[in-house]
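Colleague: Before I ask anything, let me first share the structure, which is written out below as structure tokens.
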Amino acid sequence: MKARCSMEVIIKRIQQMVEIKNEYLKRLQNGENLRVKVSEGNSKTGKNCRTVSLIPGHDCQNCKACLHDCYDVNNVCWQQNVQNIRALNSAIHSYNIDKYWNDIEMDIKYNYTTELRINVGGDSTYEDFIHIREIALRNLKCDFLFFTKNYNDLNKFLNEFEFPNNVRPIWSRWIGLESNNIHNVPEAHVMMSNGKTTAPEYGAYFCTGNCSECHFNNRGCWTLQEGESVVFIEH
């Protein structure tokens, strides 16, 4: 398990990213054509799984219980280049959400992307879910994976629509957060270092730590069915 920063440090990191975001917003307002940055895969997601992220905390709707333990803000967002990317994406997302998703779709087509993980940092809204569905329907050879704690917006979306088969929504549970998974969306649970977890006692799939490996072998999060769960060791 990685060391946790103090809340003071975490808040400072988020504030730094928001300040950079505001500078990007000024450039967008002045007509500069900035583009969303979709990142290549890494050791955690696997080399074939591209990712696109926003600012953790700032672009989350339901993270009060987990912000201090957020892997992304603790162990990734200290890097200046990461802060710049998150701030850029957040600025475009706020300024013009249609452009944000159009840029992502262009990246999918340009790179022949077969795996896209949405929001390693940050979270999605109802409007994002609409865009994800539309892009997935137009890009059936790309599989989309996202975890969300925005329970209300996901329930609202699923009350009205369905995702196509190439979208894998995962309901991200957390100790202390009320959860009303009325559509029986597959769930993700964290096994804390003290043994506490929201995971079911039996039957959950344990994460192997490589999204591309699971995608290639057709297992894990990419194949979870309604009512099934994946467990992550606290990291």
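The values are calculated or read from the model by the stated rules, or taken from the named source; none is laboratory data. Just so we're clear, the structure is a prediction, and the values are computed from it rather than from any experiment. Cβ sites come from the backbone with ideal geometry, for glycine too, and all protein chains shown count toward neighbours. SASA here: full protein model, heavy atoms, side chains in, ligands and nucleic acids out. Shrake-Rupley method; radii C 1.70, N 1.55, O 1.52, S 1.80 Å.
Colleague: Which one, (i) 26, 22, 17; (ii) 32, 21, 14; (iii) 30, 22, 19, gives semi-axes √(5λ) of the Cα gyration tensor in Å as derived from the coordinates shown?
Modeller: (i)
Colleague: With a cut-off of 8 Å between alpha carbons and a minimum separation of six or more residues, what is the relative contact order of the chain in percent?
Modeller: Dividing the mean separation by the residue count of the chain yields 20 percent.
Colleague: Here is a follow-up. If N is the number of residues in the range 43-111, what value comes out of its Cα radius of gyration divided by 2.2 N^0.38 Å?
Modeller: 1.21
Colleague: For the chain, set up a GNM with springs between Cα atoms under 10 Å and report which of Y151, Y112, Y24 has the largest fluctuation.
Modeller: Maximum fluctuation in the GNM of the chain, among the listed residues, is at Y112.
Colleague: In nm, give the distance between the simple-model label positions of Q29 and N152, each being 7 Å from the Cα along the Cα-to-Cβ direction.
Modeller: 2.8
Colleague: What's the carbon and sulfur percent of the chain's accessible surface, probe 1.4 angstrom, rounded to a whole number?
Modeller: 48
Colleague: Moving on. Per residue, how much accessible area does the chain show when a 1.4 Å probe rolls over the protein heavy atoms, in square angstrom?
Modeller: Computed with neighbouring chains in place, this is 52 Å² per residue.
Colleague: What does DSSP give for the chain in terms of the percent of beta bridges that are antiparallel, rounded to the nearest 5?
Modeller: Looking only at bridges with both residues in the chain, the antiparallel portion is about 5 percent.
Colleague: How about K37: which lysines have a C-alpha closer than 17 Å to its C-alpha, ignoring those fewer than 8 places off in the same chain?
Modeller: K21, K47, K99, K109
Colleague: If I model a spin label as a point 7 Å beyond the Cα along the Cα-Cβ vector, how far apart are those points for N42 and F216 in nm?
Modeller: Simple spin-label model gives 2.0 nm for this pair.
Colleague: Still on this structure, please answer the following. With a 1.4 Å probe and all protein chains kept in place, how much accessible area does I233 have, in Å² rounded to the nearest 10?
Modeller: Approximately 100 Å² of I233 is accessible to the 1.4 Å probe.
Colleague: Now, a different point. Highest GNM mean-square fluctuation, the chain, Cα pairs closer than 10 Å: which of C77, C66, C221?
Modeller: Per the Cα network of the chain with a 10 Å cutoff, C66 tops the list.
Colleague: How big is D for the range 1-121, in µm² s⁻¹ as a whole number, if Stokes-Einstein is applied with the Kirkwood radius of its Cα pairs at 37 °C and 0.692 mPa s?
Modeller: 220
Colleague: Could you work out which residue, out of N165, N217, N119, moves most in a Gaussian network model of the chain, that is, has the largest mean-square fluctuation with Cα springs under 10 Å?
Modeller: Result: N217 has the largest fluctuation of those listed.
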